[in-house]
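Below you'll find the structure, written out as structure tokens, and then a few comments.
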Amino acid sequence: MNNGHIINIEGLIKRFPVGSGFFTALDGIDLSFGKGEFAGLVGPSGSGKTTLLNIIGSLDSPSEGKATVMGQSVGELSHKKAADLRNHNLGFIFQTYNLLPVYTVFENVEFPLLLLKMDKVKRKKAVMDALDWVGLTDKVKSRPKQLSGGESQRGAIARAMVKRPQIVLADEPTANLDSENSHHILQTMEKLNQDLEATFIFATHDDKVIQYLKRKISLADGKVINDELTPNRT
Ligand SMILES: Nc1ncnc2c1ncn2[C@@H]1O[C@H](COP(=O)(O)OP(=O)(O)OP(=O)(O)O)[C@@H](O)[C@H]1O
Ligand SMILES: [Mg+2]
């Protein structure tokens, strides 16, 4: 790799077994992402957005071709190496927030740091910083069911960002939010993108998300049909 890209995808094909045959969800994808990008995969339902994010996130592996993330080839990694890559370098934000209900907001955001064996004082500082980024410091002791949808999603963003990952993968992060909360969340992510130089990759069909993107990658039937920079959004 090192051509300045932190993600390189070449000739990626993903087939899922269906009945006695296969369904081709990704059909020859070539894409690269550099540090600090704010990019989105857009396209109709079933076009392969989530499948591609899952492979970049080393949650799934290619059937053919290659996906290299921070110099490591997804699909050729042991379970432990894949887990290390995720725990250290990747933050995930999902459509459903996946906050753990029995834990407080603080504990939910702290969780990824326990996997990194960070000491307690540093951990507390990192969690409070992350909650500050998303404007949730007054909810540290709340449990997820006591939060609004927007607050839950902000908690999920704090959890994804707390370890200052190089890459943040966000699958329909605004799907459960109203317009005002969506804009607030997107502005928060835009600021984290600038301040931390993390690369953000979204999967979305939400126009509110699309207007924030700096790069828009359109998928259809598992193929990239357009890839454009959108630097001059108003
Ligand atoms: N595990 C699986 N087994 C079989 N087919 C699958 C599997 N996962 C995804 N697919 C199929 O692959 C295609 C792409 O799915 P994917 O979830 O990536 O779409 P998407 O673009 O994220 O859609 P949406 O906007 O609805 O979230 C779909 O036709 C889906 O049915
Ligand atoms: Mg999807």
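The values are calculated or read from the model by the stated rules, or taken from the named source; none is laboratory data. Everything quoted here is computed from the prediction, not taken from an experiment. Note: ideal-geometry Cβ built from the backbone for every residue, glycine included; neighbour counts use all protein chains shown. Note: areas computed on protein heavy atoms with side chains; ligands, DNA, RNA excluded. Shrake-Rupley method; radii C 1.70, N 1.55, O 1.52, S 1.80 Å.
Evaluate the relative contact order of the range 51-97 (contact order divided by residue number), counting alpha-carbon pairs under 8 angstrom at least 6 apart; express in whole percent.
Values: 28 pairs, mean separation 13.5, N = 47.
Answer for the range 51-97 is 29 percent.
With a 1.4 Å probe and all protein chains left in place, how much of the accessible area of the range 1-149 comes from carbon and sulfur atoms, in whole percent?
On the way: 4130 of 7830 Å².
Taking all protein chains in place, the range 1-149 shows 53 percent carbon and sulfur surface.
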Heavy-atom accessible area per residue - the range 94-230, 1.4 Å, Å²: 49 Å²
Selected from Pro62, Thr96, Ala82, residue furthest toward positive end of dipole (the range 51-202; charges at beta carbon): Ala82
Taking the chain and dividing mean pair separation by its residue count, relative contact order in percent (alpha carbons under 8 Å, at least six apart): 28 percent
Lys, Arg +1 and Asp, Glu -1 on Cβ, resulting dipole of the range 37-169 about Cα centre, debye, nearest 20: 480 debye
Pairs from Lys120/Lys191; Lys66/Lys216; Lys80/Lys163; Lys35/Lys223; Lys81/Lys141; Lys35/Lys145 whose Cα-Cα separation, in the structure shown, is over 25 Å: Lys120/Lys191; Lys81/Lys141; Lys35/Lys145
Most fluctuating residue given options Met128, Met118, Met161, as computed from a GNM of the chain linking Cα atoms under 10 Å: Met118
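What does the charge count near Ala126 come to, summing +1 for each Lys or Arg and -1 for each Asp or Glu among other residues with Cβ under 12 Å from its Cβ? List each step's numbers first, then the result.
Working: positive: Lys120, Lys122, Arg123, Lys124, Lys125, Arg159, Lys163, Arg164; negative: Glu110, Asp119, Asp129, Asp132.
Local net charge: +4.
What fraction of the DSSP beta bridges in the chain is antiparallel, stated in percent and rounded to the nearest 5? Write out the running numbers ahead of the final one.
Details: 24 of 42 bridges.
Given both bridge residues lie in the chain, the antiparallel proportion sits at roughly 55 percent.
Charges at C-beta only: +1 for Lys and Arg, -1 for Asp and Glu. How large is the resulting dipole of the range 63-113 about its Cα centre, in Debye rounded to 20? List each step's numbers first, then the result.
Values: 4 positive and 5 negative charges, 26 e Å.
The calculated dipole for the range 63-113 is roughly 120 debye.
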Linear extension gain, Glu197 paired with Asn98, 0.36 nm per residue minus alpha-carbon span: 33.1 nm
Within a Gaussian network of the chain (alpha carbon springs, distance under 10 Å), most fluctuating of Gly222, Gly21, Gly65: Gly21
Whole-Hz couplings from phi, Karplus 6.51/-1.76/1.60, listed for the range 183-194; x for Gly and Pro: 5, 4, 4, 5, 5, 4, 5, 4, 5, 5, 4, 6
Vicinal HN-Hα couplings computed from phi for the range 64-79 (Karplus, 6.51 cos²θ - 1.76 cosθ + 1.60; Hz; Gly/Pro x): 9, x, 9, 10, 10, 10, 6, x, 10, 8, 4, x, 9, 8, 5, 4
Selection from Val105, Ser73, Ala175 lying farthest towards where the dipole of the chain points positive, charges on Cβ: Val105
Around Glu197: net Lys/Arg minus Asp/Glu count, Cβ-Cβ under 14 Å: +1
Thr230 long-range amide H proximity, modeled H, under 5 Å: Arg215, Lys216
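Using a probe of 1.4 angstrom, how much of the accessible area of the range 162-214 is carbon and sulfur, in percent?
Values: 820 of 2090 Å².
Heavy-atom surface of the range 162-214 belonging to carbon and sulfur, 1.4 Å probe: 39 percent.
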Student exercise, the chain dipole from Lys, Arg, Asp, Glu Cβ charges, in Debye to nearest 20: 860 debye
Glu10 - accessible surface, heavy atoms, 1.4 Å probe, Å² rounded to 10: 120 Å²
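Ignoring everything except DSSP H segments at least 4 long, calculate the 222 nm mean residue ellipticity for the chain; use -39,500 (n - 2.57) per segment, divide by total residues, nearest 500.
Values: 7 runs with 79 residues, N = 234.
Computed ellipticity for the chain at 222 nm equals -10500 deg cm²/dmol.
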